[in-house]
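Below is one structure, written out as structure tokens; comments come after it.
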Amino acid sequence: MTAGSTYIHGINENEQIRLSMLNDLLNKKCLEKISVKPGSAILDVGSGLGLMTKQFSILTGPTGRCLGIERSPEQLAKSKQFETEHLHFRQGDALNLPLQSEEVGTFDLVYARFILEHLPDPAKAIREMKRALRPGGRIIIADDDHQAMILYPEPEGFQHLWTAYMDSFIEIGNDPFIGRKLPRLLYDAGFADVQNDMVFFGDTAGSDTFIPYIKNLSQVIATAKTVMLESNLLSNDQLDEALAQLLKWAELKYATAYYPLCIAVGTKPHE
């Protein structure tokens, strides 16, 4: 993220636990969408706790090179434990990537997930990622479109709660609908062969991952509590009651959640 951006979810220990759980739920599904070749050079922008970057490094092997860029010193400290000769992490800004001159234009793949929604100028971040890529290199960006969330049957008060959550992003200058805009961002930045895709991030009661999924959902909503209350998007009682209803809903044997993680892929042209 950037100095001018606001990460609504915070960076405390509870958030790091939530992010670790989110990685457990999503990383395997995301890796299935990415063809990582041994020996590749990969840049992970907004690498967070470094868990996805670590997986990239395993796949690229000893002849590969992986670099994670993360703004948060707290998350960067956690990711440093994974560093090897071929895997490194660096503090930096997505709008001004801290690349050494010899690194510019050398990466085979640039990956960014859950970062553009928190940036004041996502188009500039995309241009920075393009600068990092070699001609013919790929960019893969993945982000939310929060309007796509569907719970069935809908828990009492959830629509009001989820609308307030989305509006909390807008209140601080973030974009809760960035997912649908990803291909446009790549087209505007001059990428070729732009394609869209999705990772299904839903679940249904009875699966091994359903309760962790709902815990992540309730926790991520709770991280926006301060903004929602200060912006009068809903009251504290409404927030607490809606979260309680969400957890009660999760006990239904037929509770079902649908949510897509939006993806866009592009190739840097040979210019």
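No value in this document is a laboratory result; all are computed from the given coordinates. What you see is a predicted model, and the numbers here were worked out from it, not measured in a lab. Neighbour counts run over all protein chains shown; Cβ positions are idealised from the backbone, glycine included.
Fully extending the segment from H160 to N27 would add 44.9 nm, taking 0.36 nm per residue of separation and subtracting the current Cα-Cα distance.
Beta bridges assigned by DSSP with both partners in the chain are antiparallel in approximately 50 percent of cases. Dividing the mean sequence gap of close Cα pairs (under 8 Å, 6+ apart) by how many residues the chain holds gives a relative contact order of 22 percent.
For the pair the stretch 32-62 and the stretch 84-160, the centres of their Cα atoms are 13 angstrom apart. Which of the listed residues, I170, S35, P155, is farthest toward the dipole's positive end in the chain, when Lys, Arg count +1 and Asp, Glu count -1 at the beta-carbon? Result: S35.
Just want the answer: with Cβ charges of +1 for Lys and Arg and -1 for Asp and Glu, which residue in L229, P122, Y258 is farthest toward the dipole's positive end in the stretch 13-267? Positive-most Cα among the choices belongs to P122. The GNM of the chain, with springs linking C-alpha atoms under 10 angstrom apart, assigns the highest mean-square fluctuation among A132, A250, A112 to A250. Taking Cα atoms only, the orientation of helix 122-132 departs from the longest principal axis of the chain by about 30 degrees. Taking N23, N232, N216 in turn, the Gaussian network model of the chain (Cα-Cα springs below 10 Å) assigns the largest fluctuation to N232. If R0 is taken as 45 Å, the Cβ-Cβ distance between Y187 and E230 corresponds to a FRET efficiency of 0.75. The A205 and R180 beta-carbon pair, evaluated with R₀ = 22 Å, returns a calculated FRET efficiency of approximately 0.20.
The value given for the stretch 66-106 is a Kirkwood hydrodynamic radius of 10.8 Å, derived from the mean inverse Cα-Cα separation.
A simple spin-label model places pseudo-atoms 7 Å from Cα toward Cβ; at A244 and A123 they are separated by 4.7 nm. Taking the empirical scaling 2.2 N^0.38 Å for compact globular proteins as reference, the chain has a Cα radius of gyration ratio of 1.01. Check cross-link reach from K225 to the lysines: straight Cα distance under 19 Å, and skip same-chain residues fewer than eight apart. In chain and number order, the partners are K215.
Under a Gaussian network description of the chain, with springs only between Cα atoms under 10 Å, the residue in V220, V110, V45 that fluctuates furthest is V220.
Using only the alpha-carbon atoms, how far is helix 210-222 inclined from the longest principal axis of the chain? Give it as 0 to 90 degrees, nearest 10. Helix 210-222 and the main axis of the chain meet at about 90 degrees. Relative to the longest principal axis of the C-alpha atoms of the chain, give the angle of the C-alpha long axis of helix 51-60, reported between 0 and 90° and rounded to the nearest 10°. Once rounded, the angle reads 40 degrees. Note on D167 and N96: their simple-model spin labels are 3.6 nm apart, each label 7 Å out from Cα toward Cβ.
Multiplying the residue separation of R134 and E251 by 0.36 nm and subtracting their alpha-carbon distance yields 37.2 nm. Each label was represented as a point 7 Å from its Cα along the Cα-to-Cβ direction; for T106 and D197 these points are 2.7 nm apart.
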